[in-house]
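*Asks:* Can you read through this structure? Questions will come right after.
Here, each number is a calculation from the coordinates, and none is a lab measurement. Every value quoted in this text rests on a predicted model; they were computed, and no experiment measured them. When we count neighbours, we look across all protein chains shown, and the Cβ atoms used for this are built from the backbone with ideal geometry, even at glycine.
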Amino acid sequence: MPEQPITQATEFDPEDEYRPEPEPEPLPPSWMGGSVRIGIHTSIAGSYLNALEAARKLGCNAVQIFSASPRMWQGGPARIPEVDAAAFRTRRGELRLGPLVIHANYLINLAAAQPMLRTRSIQAFHDEILRALALGADFLVVHPGARGEATTGQAIATIVESVKQASKGVPLGGLKILLENTAGMGTAIGSRLEEIGEILAGLKGLPVGACLDTAHLFAAGYDIKSEAGLASTIGQIDGALGLENVPVFHANDSKVELGGRVDRHAHIGKGKIGAAAFARILQHPRLASSGPEGLAGRAFVAETPIDDPGDDRRNVAMLWELAGLKEQAPEAEKGFSMLTAALKRKLSSRRAPRAQSPHRKRKSLRGKSKKSSTRKKARSTAKKARRRG
Ligand SMILES: [Zn+2]
Ligand SMILES: [Zn+2]
């Protein structure tokens, strides 16, 4: 090789200036390639990486997590150490899991009129956004909040303002904030699709959309069980939100009847919505993850109860089966569950003394528990969460 002439660097070349490491390139969204995306909410207990491994072992190609304890204001550090976030992003890329959905803390009430709670909620949601960005999430799902004494109109205005404040000055990049519909318990906003639509309209210009929970739709009175009801609900979603703005569905069966207005998830096919309806939903061309009528990368994520070891794996398998893709589904690890027999024993021995407490009945009536595994720490502060209504 001929020697290169040595150039005299007499002037400062701006190219030589030290710059911090560039932001990691966003993952190529292979999950938007048109394949059906099915996931489940997995636990970050122990390590963020555990959630990814659980998703893989459960036979998912999409995943949802909390980025901190969901029922504590300070459920761990507000920021994720970059070394952990980087390891998570790398592993997620290797496993080709996508989309990555993060569910925000349940204590956040973006509709809160009370100044202290509102400030806290905005701060906590701001932290949620930063953690979602650090983990390279595609979607951050949040409940609109409870209006309390305020009117629905006032609450919607408050929610819009809260989301704007929480995301102020933060470049969201590829992250989209999704407002989730609710079952209509208490004064919760978002049981009517029009309410979600109004919030999204108020946030025009920001990357926002909706996450629709099948159990919440049903409990709120949208009859997705019947063929005609599904057709009409899809029409209503289109009218109020636009189906192209719904990249994530929470796929949960419902323990309560149509219009029951209570948020109680059931195993897929075992609740009041039923298997036939889920097959129609999962195979509906307008709800597809691709195609002329679908939306590339749209995901169905289960938040089903885990009463017994294996329930998580069985619900994921059921979703694949009802989607008509049993053969193409990623292989699950035989016998794997986030709830082990030992953990179940531990949890039920902790639950036992509480059964005698006078609050027990109230708890079961309000029953907000979605993910019954890995609640350990969260459980002790669950009482706080229930104040939210
Ligand atoms: Zn939710
Ligand atoms: Zn729910």
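*Asks:* Suppose each label sits 7 Å from its Cα in the direction of the beta carbon; what would the GLU53-GLN328 distance come out to in nanometres?
*Replies:* With each label point 7 Å from Cα toward Cβ, the separation is 3.0 nm.
*Asks:* Within segment 127-173, which trypsin sites (Lys or Arg not before Pro) sit in a loop by DSSP and count at most 15 neighbouring Cβ atoms inside 10 Å?
*Replies:* The qualifying sites are LYS168.
*Asks:* Let me ask another. Express in nm, to one decimal, how much length is gained between ALA275 and ALA342 on full extension, taking 0.36 nm for each residue of separation and deducting their alpha carbon distance.
*Replies:* Roughly 21.1 nm would be gained on extension.
*Asks:* Let me see the P(r) profile for the chain: every Cα-Cα distance counted, bins of 20 Å, each bin given as a percent of all pairs.
*Replies:* 28, 58, 10, 3, 0
*Asks:* When only C-alpha pairs under 8 Å and at least 6 residues apart count, what is the relative contact order of segment 29-386, in percent?
*Replies:* With pairs under 8 Å counted, the relative contact order is 18 percent.
*Asks:* Taking the Cβ-Cβ separation of GLN236 and SER349 as r and a Förster radius of 41 Å, what is the calculated FRET efficiency to the nearest 0.05?
*Replies:* After rounding to 0.05, the efficiency reads 0.35.
*Asks:* Let me ask something else about it. Once you have the Cα-Cα distance between VAL170 and GLU293, take 0.36 nm times their residue separation minus that, and quote the gain in nm to one decimal.
*Replies:* Gain on stretching VAL170 to GLU293: 41.0 nm.
*Asks:* Ranked highest first by average number of other Cβ atoms within 10 Å, how do 47-55, 342-350 line up?
*Replies:* 47-55, 342-350
*Asks:* Arrange the peptides 329-336, 151-158 so that the one whose residues have, on average, the most other Cβ atoms within 10 Å appears first.
*Replies:* The most tightly packed comes first, giving 151-158, 329-336.
*Asks:* Let me have the 222 nm mean residue ellipticity of the chain computed from DSSP H runs of 4+ only, each contributing -39500 (n - 2.57), with the sum over all residues rounded to the nearest 500.
*Replies:* Result for the chain: -11000 deg cm²/dmol, rounded to the nearest 500.
*Asks:* Something else: For segment 203-351, what mean projected area does the convex hull of the alpha carbons give, in nm²?
*Replies:* 10.6 nm²
*Asks:* For the chain, give me the percentage of DSSP beta bridges that are antiparallel, rounded to the nearest 5 percent.
*Replies:* Expressed as a percentage, antiparallel bridges in the chain total about 10.
*Asks:* Using a ≥ b ≥ c from the Cα gyration tensor of segment 111-227 (square roots of the eigenvalues), is it rounded, prolate or oblate, where a/c under 1.5 gives rounded and otherwise the larger of a/b and b/c decides, a/b for prolate?
*Replies:* It is oblate, given that a/c is not under 1.5 and a/b is not larger than b/c.
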